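What follows is a short report on a single structure.
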């Protein structure tokens with residue numbers, strides 16, 4: 001029996017030098033809460049832009065546009081090609097000014113227009 005104790009002690013002392021990782025995990029709920037808080041701010045900021053967009057853009061043009069994203073101060077808008085694209089180009093400077101007055105937190109500096117694909121008849125608004 002004493003030999004077994006000696007062997008256990010010897011084994012422990014032989015592996016004692018090994019570095020043991022500290023547990024750096026955090027509960028999923030804590031990570032999820034932080035993520036949701038950052039996404040909520042972006043959602044609130046962008047939802048104001050969507051609301052203002054609905055109010056300032058004429059309904060006829062609004063039916064042919066889709067807000068796609070806001071990134072680094074650029075509002076990306078997909079527009080049906082042709083006269084609607086032309087009209088949006090003419091309005092874009094004024095729309096930026098109106099958006100900045102109505103929702104300055106969004107920090108819209110520019111509107112970038114892209115032709116909407118013919119197969120994307122589904123209209124959905126910016127939610128992020």
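Computed from the coordinates by the stated procedures, all read-outs in this text should not be read as laboratory data. Note that the coordinates shown come from a computational prediction; the quantities given were computed from them, not determined experimentally. Cβ: placed from backbone, ideal geometry, glycine included. Neighbour counts: every protein chain shown.
For the chain, DSSP calls about 50 percent of its internal beta bridges antiparallel. Note on residue 47 and residue 60: the model spin-label points, each 7 Å out from Cα along the C-beta direction, lie 3.2 nm apart. A simple spin-label model places the labels of residue 105 and residue 32 2.5 nm from each other, with each point 7 Å out along Cα-to-Cβ.
The helix-only estimate of mean residue ellipticity at 222 nm for the chain, built from DSSP H runs of length n ≥ 4 each weighted as -39500 (n - 2.57), is -17500 deg cm²/dmol after division by the residue total.
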